[in-house]
Ligand SMILES: Cc1cc2nc3c(=O)[nH]c(=O)nc-3n(C[C@H](O)[C@H](O)[C@H](O)COP(=O)(O)O)c2cc1C
């Protein structure tokens with residue numbers, strides 16, 4: 001309730017200081033839990049550290065949202081120097097940094113670029129769930145064309161690219177269209193260390209209240225346990241040993257990328 005009260009007024013914001021309480025309340029309520037801050041890749045290192053301090057965050061996500069900015073009337077169309085800025089933020093802040101997309105996915109080529117710069121933690125945030133270009137187009141009273149509505153690397157493909165590109169010790173979070181326990185199980189099977197869900201949770205909070213959102217999370221956890229039992233897995237991590245069955249466009253994607261399909265479709269233990 002306190003979180004709702006302090007974040008309820010849209011007019012308040014961090015830049016002029018009026019919205020700070022809606023962020024500091026998170027750590028007040030969650031003394032022991034994991035708090036991950038989130039900031040634009042266009043932020044300055046000082047702004048990034050201020051966000052970490054405000055939340056007393058354990059880690060900071062830096063989000064990439066080029067497609068959203070393109071369709072946002074007030075969006076930033078200049079992405080020059082973005083990678084260098086990511087490095088500057090990472091080197092300046094006091095906590096580990098996670099690079100995150102926002103619904104258009106990260107592809108193998110971008111994972112590689114980021115790895116070269118020393119980044120080791122990612123949230124693929126792929127296409128298939130919340131579609132920011134569509135949201136921004138709607139805000140301006142226009143429908144996004146079908147071709148651009150389909151833009152982005154689907155979460156499943158972004159996870160496959162990550163699995164084939166990232167070293168074992170990298171941290172991989174999966175989000176973008178995760179809605180059911182089955183979606184979560186598949187993301188774990190594709191190598192995710194954790195999954196994130198945004199739109200359904202926000203919708204439940206707004207339309208049915210916080211208890212409904214909490215129930216949803218518990219039902220997902222229960223469903224995931226069922227999948228783990230059925231697949232003989234003691235931990236979500238063990239789900240990545242389970243053989244995959246790949247059909248349709250994803251099979252074509254794997255073939256186009258030159259990944260070894262048969263290897264994915266066998267028990268992948270050890
Ligand atoms: C209302 C809303 C606000 C969001 N704001 C942010 C944000 O500030 N930073 C960020 O990294 N992602 C943001 N996201 C993107 C989500 O974190 C997530 O990557 C994306 O919505 C895909 O997940 P979903 O399909 O479960 O919604 C936002 C999503 C929604 C729906």
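Numbers for the structure displayed
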read-out	value
Distance (nanometres) between label positions extended 7 Å along Cα→Cβ at residue 261 and residue 135	3.6
Exposure proxy ranking, count of Cβ atoms within 10 Å, fewest first, for 119, 148	148, 119
In range of the label at residue 252: residues from the stretch 124-155 whose backbone nitrogen is under 18 Å from the point 7 Å along Cα→Cβ	127-128, 146-155
Among 171-183, 132-144, the order from most to least packed when residues are scored by Cβ within 10 Å on average	171-183, 132-144
For the stretch 23-121, alpha-carbon Rg relative to the globular expectation (2.2 N^0.38 Å, N residues)	1.11
Residue 222 versus residue 16: modelled label distance in nm, points set 7 Å from Cα along the beta carbon direction	4.6
Stretch gain in nm, segment residue 206-residue 76, where the contour uses 0.36 nm per residue and the Cα spacing is subtracted	43.9 nm
Theoretical gain in end-to-end length, residue 112 to residue 66 [0.36 nm per residue, Cα-Cα removed]	14.7 nm
Two-decimal Rg to Rh for the stretch 171-211 - Kirkwood Rh, Cα set	1.06
Kirkwood-type radius of the stretch 117-264, with distances r between different C-alpha atoms, in Å	16.8
For the stretch 246-260 and the stretch 195-229, distance of Cα centres in Å	31
Simple label model, 7 Å out from Cα along Cβ direction - residue 58 to residue 146, nm	4.5
Taking the stretch 2-129 and dividing mean pair separation by its residue count, relative contact order in percent (alpha carbons under 8 Å, at least six apart)	20
Selected from 162, 50, 127 as most flexible by GNM, with the chain as the system and alpha-carbon contacts under 10 Å	50
The stretch 99-217: relative contact order as a whole-number percent, Cα under 8 Å and 6+ apart	27
Estimated D of the stretch 2-241 in µm² per second, where Rh is the Kirkwood radius over Cα pairs and Stokes-Einstein applies at 25 °C, 0.890 mPa s	129
MRE, 222 nm, helices only [DSSP H, n ≥ 4, -39500 (n - 2.57), over the chain, to nearest 500]	-13500 deg cm²/dmol
Neighbour-count ranking [beta-carbon atoms within 10 angstrom, fewest first] of 215, 123	215, 123
Spatial extent of the stretch 131-207: Rg and Dmax, with the Cα atoms as the point set, Å	14.9, 45
The chain: relative contact order in percent, alpha carbon pairs under 8 Å with at least 6 residues between	12
Top of 55, 160, 231 by mean-square fluctuation, Gaussian network on the chain, Cα under 10 Å	231
Residue order, fewest to most beta carbons within 10 Å, for 233, 104, 80	80, 233, 104
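Laboratory data are not the source of any read-out in this text; all were calculated from the coordinates shown. Computed from a predicted model, the values in this text were never measured in an experiment. Note that we place each Cβ from the backbone using ideal geometry, even for glycine, and neighbour counts take in every protein chain shown.
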